[in-house]
1. Which residue pairs have Cβ atoms closer than 8 Å, lie 6 or more positions apart in sequence or on different chains, and pair a first residue in region 41-66 that is open to solvent by 90 Å² or more (accessible area, probe 1.4 Å) with a second residue that is aliphatic (A, V, I, L, M) and modelled with pLDDT of 90 or more?
2. Are there any pairs with C-beta distances below 7 angstrom linking a residue in region 81-92 that is basic (Lys, Arg) to a residue that is open to solvent by less than 40 Å² (accessible area, probe 1.4 Å), with the two at least 6 apart or on different chains, and if so which?
3. So, in region 134-155, how many residues would count as being surrounded by 17 or more Cβ atoms within 10 Å (Cβ to Cβ) and either in a helix (DSSP H, G or I) or acidic (Asp, Glu) (or both)?
4. Name the single residue, out of those in region 7-26 being touching a residue at least 24 places away in the same chain (Cβ under 8 Å), more than 14 Å from Ile69 (Cβ to Cβ) and assigned to a helix (DSSP H, G or I), that is most open to solvent (accessible area, probe 1.4 Å).
5. Of (1) open to solvent by less than 70 Å² (accessible area, probe 1.4 Å); (2) among the aliphatic types (A, V, I, L, M); (3) without any contact (Cβ under 8 Å) to a residue 40 or more places away in the chain, Ile116 satisfies all except one. Which?
6. Pairs under 7 Å by beta carbon, first residue within 14 Å of Val115 (Cβ to Cβ) in region 133-158, partner open to solvent by 90 Å² or more (accessible area, probe 1.4 Å) and of a type in the set (Val, Ile, Thr), six or more apart or different chains?
7. Out of Ala74, Ala90, report the one residue that is open to solvent by 60 Å² or more (accessible area, probe 1.4 Å) and either among the small types (Gly, Ala, Ser) or in contact with a Cys (Cβ under 7 Å, 6 or more places away or on another chain) (or both).
8. In the set Pro131, Pro168, Pro121, which member is open to solvent by less than 60 Å² (accessible area, probe 1.4 Å), of a type outside the set (Gly, Ala, Ser) and at negative phi?
Amino acid sequence: MEIPLQITARDIELTDAIKADITEKAEKLDTYYDRIMRCRVVVECPKRHPHEGKLYNVHIHMTVPGGEIAVKRAPNEDLYVAIRDAFQAARRKLEDFAREQRGDVKNHSESPHAVISSLFPDKGYGFLTTPDGLDIYFHEHSVINKKLGSLKVGMKVRFVLENGEKGPQASTVTVT
């Protein structure tokens, strides 16, 4: 971390053992993503009715290149469990962020679009035409949200392309 760890306590006095536990867990976050610029941990014990038990909240705010990562877990009656759960969530978020930064996360591109160019309802198929002029075969079982008989030439659709025995075909067709 570029800026030293900041631990803030609200409505609670933190023991040296608790501070050491937080510090150890915060330092370990660097093993999951080594470009954390700042980490701030807020431990709070909101005042409650005297007959109710104490609940501890642990929030972790991390500054990383390009943004902030914030973790807020459900309160817990055990402070050590609240700390553990918050740091586990922070680890998962850092791992996800690191994967995104490396480009390991797949970006699902939007399915291509086309228009229905011809229909043969009595034979159970039709053709789509893409904006670049490619004709694509589709079978009536490929149509997801309509029946083949209710389709009209000119309707806009999205589709999933695959290679069929006789050329390109749509494995899934969704009317938009």
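The values are calculated or read from the model by the stated rules, or taken from the named source; none is laboratory data. Since the structure is predicted, the reported quantities are computational estimates derived from the model, not experimental observations. As a convention, Cβ positions derive from the backbone with ideal geometry for all residues, glycine included, and neighbour counts pool all protein chains shown. Side chains included, ligands, DNA and RNA excluded: accessible areas come from the protein's heavy atoms. Shrake-Rupley method; radii C 1.70, N 1.55, O 1.52, S 1.80 Å.
1. If the second residue must be aliphatic (A, V, I, L, M) and modelled with pLDDT of 90 or more, the pairs left are Arg48/Leu55.
2. Once the first residue is basic (Lys, Arg) and sits in region 81-92, its partners that are open to solvent by less than 40 Å² (accessible area, probe 1.4 Å) give Arg91/Leu29.
3. The qualifying residues number 3.
4. Initially, region 7-26 is screened for residues touching a residue at least 24 places away in the same chain (Cβ under 8 Å), giving 7-12, 14, 18, 21-22, 25-26.
Adding the requirement that they be more than 14 Å from Ile69 (Cβ to Cβ) leaves 7-12, 14, 18, 21-22, 25.
Now drop any that are not assigned to a helix (DSSP H, G or I), which leaves 18, 21-22, 25.
Values: Ile18: 15, Asp21: 26, Ile22: 0, Lys25: 56 Å².
Applying the filter and picking the extreme gives Lys25.
5. Result: Ile116 passes all but (3).
6. Lys156/Thr176; Val157/Thr176; Arg158/Thr176
7. On the way: Ala90 fails: open to solvent by 60 Å² or more (accessible area, probe 1.4 Å).
Ala74 is the lone residue from the list that is open to solvent by 60 Å² or more (accessible area, probe 1.4 Å) and either among the small types (Gly, Ala, Ser) or in contact with a Cys (Cβ under 7 Å, 6 or more places away or on another chain) (or both).
8. The match here is Pro168.
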